[in-house]
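Working notes, beginning with the structure itself.
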């Protein structure tokens, strides 16, 4: 009786193992329930658009700095200009270097250019914001979406 019970348990164990192998469990060859999701590759992330980037930055500034309507429009214009330049430059550089790795000098040149654009943008911000808002911006800017914190 004990041998029959032991054989029955062993047969059941082997049966369950073989079902899992062919996808009846959570894995195997993808024929079972739940196995299809694990084998589906993640979709490619949507490319970041200049509009989205500028919108996120403007929303952040409206909320953190309590911009009035006129300031919000001015800041949005500045952000959109900066983000358009950045994305356009990125796309052009990516096309020109599709099969070539950038040199260290090219990477340094890119960093200098982006830092120059960032400095120009911040000078425009300073003209738009009140002195109190400007100080608050300087304190909080590291948390700004898509912020360039390399020179800050």
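FYI, it's all coordinate maths here, none of it is from the lab. Here the structure is a predicted model, which means the values were calculated and not measured. Using ideal geometry, Cβ is built from the backbone for each residue, glycine included, and neighbour counts are taken over all protein chains shown.
Ordering 89, 82 from the fewest to the most neighbouring beta carbons within 10 Å gives 89, 82. Label positions at residue 84 and residue 142, each projected 7 Å from the Cα along the C-beta direction, are separated by 3.3 nm. Put in order of Cβ neighbour count within 10 Å, fewest first, the listed residues 144, 53, 61 become 144, 53, 61. Of the residues 111, 101, the one with the fewest other Cβ atoms within 10 Å heads the list, and the complete ranking is 101, 111.
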